[in-house]
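Student: Could you have a look at this structure, given as structure tokens, before my questions?
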Amino acid sequence: MKLRPFISWIMTWSFLVMTWTGIMLFIVPKGRVANWVQWEFMGLSKDDYTALHVIFMVVFVLGSIVHIVLNWKALVQYLKNRPRSPKTGPKILVSTFAISLFIAWATLANIAPFSSFLEWQEDIKVSWEDPKTEAPYGHAELSTLNTLASRMGWDKDKTKAAFSELGFTLTSPQDTLNDLAKTNKTTPQAIYVALASKLKSTSTSTSASPTRSGLGRLSLSQAAKQEGFDLEGAINALHVKGVNATQDSTLKPLAESLGITPGELIEILKK
């Protein structure tokens, strides 16, 4: 077997897999949503796509190193001869490096159109979220039933009883909602929604609203779309309260300036 074509094909397949997994990671829900609803596409979870992307990136890099070693003489000869040709002179090397440097700088500086592209990605990720069924707090899927009951203000014994009455199996008190979801072939979200409905706890809405996961990272414009309040009206209301806000301002610093939580700020802006 010839090594050069073998390495070339390995790099080609690795590039194709990285392209596919890169696209999926671009549109996949944020971790708190993906883990809560156990998001999958084509039988693969977000963690699966991340693992594939990382492994094939490593394979591609190793293949590139072997490819350079196998073609070292040709590469050196090319570099020696390139100044003789105006088309492959140092100007191309410098110009392409400058373009790459500019793209990196513009991306980090949040300059259009790169910032617009990233905002589009954020909009796609936010579109997966449903305020009615999102996790009551960050990483709720890693909580045990006792922890969930404590955070939601539920009676622990009643919570366990309701869990059993709903037909779910509890194999160990240390099992997290993720573990319980796998055991019962459902999702952490489905377990939580079923328990909340069963227990009819008044603390469900009051506890979940102020601490809803991820609200603080949303911009004012994204929150307006997700929560259904008027953006201009919200900006004006914040200005009246002495808070300088724009559509790109994130909720966390805005809420902190008022001494409240992002969830509480949302409720104020809805009025």
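Student: Right, E165: of a type in the set (D, E) and touching a Ser or Thr at 6+ places or on another chain (Cβ under 9 Å) or not?
Tutor: no
Student: Then there is this: If you scan region 151-185, which residues turn out to be outside any helix (DSSP H, G or I) and over 15 Å from A196 (Cβ atoms)?
Tutor: G167, T169, L170, T171, S172, P173, Q174, D175, T176, N184, K185
Student: Between a residue in region 24-48 that is touching a residue at least 24 places away in the same chain (Cβ under 8 Å) and any residue that is surrounded by 12 or more Cβ atoms within 10 Å (Cβ to Cβ) and among the acidic types (D, E), which pairs come within a Cβ distance under 8 Å, given they are 6 or more apart or on different chains?
Tutor: Here the result reads P29/E129; K30/E129; R32/E134; V33/E129; V33/E134; N35/E141; W36/E134; W36/E141, each pair linking region 24-48 to a residue that is surrounded by 12 or more Cβ atoms within 10 Å (Cβ to Cβ) and among the acidic types (D, E).
Student: Can you find even one residue in region 142-161 that is modelled with pLDDT of 85 or more, closer than 30 Å to L16 by Cβ and either of a type outside the set (K, R) or in contact with a Ser or Thr (Cβ under 6 Å, 6 or more places away or on another chain) (or both)?
Tutor: No, region 142-161 contains no residue that is modelled with pLDDT of 85 or more, closer than 30 Å to L16 by Cβ and either of a type outside the set (K, R) or in contact with a Ser or Thr (Cβ under 6 Å, 6 or more places away or on another chain) (or both).
Student: When residues of region 49-70 are filtered for being more than 17 Å from M18 (Cβ to Cβ) and either free of Cβ contacts under 8 Å to residues at least 24 places away in the same chain or among the aromatic types (F, W, Y) (or both), how many remain?
Tutor: 2
Student: Just to verify a result, which residue in region 112-141, among those that are part of a loop (DSSP other than H, G, I, E, B), surrounded by fewer than 16 Cβ atoms within 10 Å (Cβ to Cβ) and of a type in the set (A, V, I, L, M, F, W, C), is nearest to the chain's Cα centre (by Cα)?
Tutor: Out of the qualifying residues, it is W128.
Student: Give S14, S8, S64 a once-over and let me know the one that is among the polar types (S, T, N, Q), on the phi < 0 side of the Ramachandran plot and within 25 Å of the chain's Cα centre (by Cα).
Tutor: S14
The values are calculated or read from the model by the stated rules, or taken from the named source; none is laboratory data. On a predicted model such as this, the values are computed, not experimentally measured, just so you know. Here Cβ is always computed from backbone atoms with ideal geometry, including for glycine, and neighbour counts include all displayed protein chains.
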